[in-house]
Amino acid sequence: MFILFQAINTIFANLFKTDMNFTDEIKRRRTFGIISHPDAGKTTLTEKLLLFGGAIQEAGAVKNNKIKKGATSDFMEIERQRGISVATSVLAFNYKDKKINILDTPGHKDFAEDTFRTLTAVDSVIVVIDVAKGVEEQTEKLVQVCRMRNIPMIVFINKLDREGKDAFDLMDEVEKKLQLKVTPMSFPIGMGYDFQGIYNLWEKNINLFSGDSRKNIEDTIAFSDINNPELEKIIGPKAADKLREELELISEVYPSFSQEEYLAGHLQPVFFGSALNNFGVRELLDCFIEIAPSPRGKHSDTRMVEPTETKMSGFVFKIHANMDPKHRDRLAFIKIVSGTFERNKPYSHVRLNKSLKFSSPNAFFAEKKEIVDISYPGDIVGLHDTGNFKIGDTLTEGEVMNFRGIPSFSPEHFRYINNADPMKSKQLEKGIDQLMDEGVAQLFTLEMNNRKVIGTVGALQYEVIQYRLEHEYGAKCTYENFPAHKACWVRPENPKNEEFAEFRRIKQKFLAHDKYGQLVFLADSEFTIQMTQSKFPTVKLFFTSEME
Ligand code: G4P
């Protein structure tokens, strides 16, 4: 009996690391992204979080990581942004006993695909909304992706120092437009000119916003009983009455907070504040570290992988090219899913069936990167790469599996790419190949004539590609319109039936292969997609490369 018990114990210990340090390291990690429509205050909030963590000393350090409005043809600006965004791709810092990893998500809509991919590597998100503008387009798109994946979300309503929408109306808007179920964790006392502070439902206290300068938190006063007559003295009788009424309404209308529901992605706590004035940010952060999830398991094509497993596994969610064109190496960003990633240990690159060792894996801190010996689940490691990695690649200790959930989404713009300098066709090919691996855009090769079509999320990418091909690879290209509306990945129920043969014959001109060789139908309109689906019901069309 004892021997049997010991054997089971050994098997268990081999599968899951049971030493306390390892599980503690996982539990203390919080890896998340901040998403918003441009200008809602994502950069300002990120910066304030870093200041709290003591990771930066002054405001303005992250600020420059933004693609400025109207920068579409300013290539030096794009290059500069690329440089800065390596440094701010992952911002890690310690706060209290937690290790926080913030993954940067570009707000610019032309880089939305980059943001979608980064969302595959976060364990939770904070959604920032401008109190005056309410729910905007980009927020809707990003939240939809998070909702589909049940990513736990916290909402931060920002710019309370300005006149904005009524707090209840705004929560209504969030529920309707974003299809979320919210529960306020804090509530504003007045707004704009009359903004006095915030009642914190989580900690049951009031934070007052100082009158004149409107720059500081004046005081935090604890209120275990909201009917305490002291409230009148502090915020005035009118505001006190209003606050009591509002809190009563909240308790009647909104569900109380449940961590379980939040973690399941079914309930979203809401905070109010002003990032610029550092108001409500500490409350957000303190609550976040308590309730937000530590690294969670991830599905691979063969099984669910838990962070506590001994063997290392991870996947590439971002690739960044070297800024210096003389050095072709790139930085591949890996999210560690399980086990520990160790320097100089051989790992298996599943797609290439190749063993690779990394002598200088980088970890990221607020403003710098450093070589690290060991990284834990939830951490992001930057690996120098000479062309082995593509986005979505999996690293393991030998197990053959691929992490799921890193699909390509259908691009919105399509253009033929032509070689403008026949002497440089090799360079052009190499350049296109590498830029596609980085995920700058998607390449489709037409079946009929092998012509190449580049698909992008935004028009800006075409200029970026043209510029980078010329400056980094010495190749020149031109574009020509290709009349496609959407890329549909094709999966026939029966590749040998008549219907599929007929589909191929009729749609011949619009069939292509993506970079993995998967068949794609480049449809010219929504109408065509509908017609095709009804005419060829056994030929399934999907809008992501994972065909789900
Ligand atoms: P983003 O990353 O989401 O695009 O937004 P960002 O933080 O850059 O903020 C956009 C603008 O909103 C900035 O002003 C910023 O100062 C301002 N802002 C952020 N939080 C608050 C807040 O709580 N209250 C108020 N009143 N404004 C806020 P800007 O003029 O565009 O830039 P800057 O000149 O201040 O850098």
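Quick notes on this one:
- Bridges between two residues of the chain, per DSSP, are antiparallel at a rate of about 80%.
- Around the Cα centre of the chain, unit charges on the Cβ atoms of Lys, Arg, Asp and Glu (plus for the first two, minus for the last two) sum to a dipole of about 1980 debye.
- The three principal axes of the C-alpha atoms in the chain carry coordinate ranges of 80, 66, 50 Å, sorted with the longest axis first.
- Working from Cα pairs under 8 Å separated by at least six residues, relative contact order for the stretch 413-542 is 30 percent.
- Over the stretch 298-396 - Rg/Rh using Cα atoms and the Kirkwood inverse-distance radius: 0.95
- Protection proxy ranking of 274-280, 538-544, 200-206 - average other beta-carbon atoms within 10 Å, highest first: 274-280, 200-206, 538-544
- Cβ-defined net charge surrounding Pro492, 14 Å radius [Lys, Arg +1; Asp, Glu -1]: +3
- Other residues lying with their Cβ under 11 Å from the Cβ of Lys507 contribute a combined charge of +1, Lys and Arg counting +1, Asp and Glu -1.
- Each peptide among 47-53, 411-417 gets the average number of other Cβ atoms lying within 10 Å of its residues, and from highest to lowest they stand as 47-53, 411-417.
- Percentage relative contact order, the chain, counting C-alpha pairs under 8 Å, at least six apart: 13 percent
- Cα centroid of the stretch 508-548 to Cα centroid of the stretch 268-301, whole Å: 39 Å
- The residues of the chain expose, per residue, 45 Å² of accessible area to a 1.4 Å probe.
- Protection proxy ranking, peptides 428-437, 257-266, average beta carbon neighbours within 10 Å, highest first: 428-437, 257-266
- Per residue convex hull volume, Cα atoms of the stretch 353-465, in Å³: 187 Å³
- Taking all Cα pairs closer than 8 Å and separated by 6 or more residues, the relative contact order of the stretch 481-540 comes to 48 percent.
- Total formal charge among the other residues, if their Cβ is under 14 angstrom from that of Pro152, Lys/Arg +1 and Asp/Glu -1: +1
- Carbon plus sulfur fraction of accessible area for the chain, probe 1.4 Å, in percent: 51 percent
The values are calculated or read from the model by the stated rules, or taken from the named source; none is laboratory data. All of these numbers come straight from a predicted model, not from anything done at the bench. Note: ideal-geometry Cβ built from the backbone for every residue, glycine included; neighbour counts use all protein chains shown. These area figures cover heavy atoms from the full protein model, side chains too; ligands, DNA and RNA do not enter into them. Shrake-Rupley method; radii C 1.70, N 1.55, O 1.52, S 1.80 Å.
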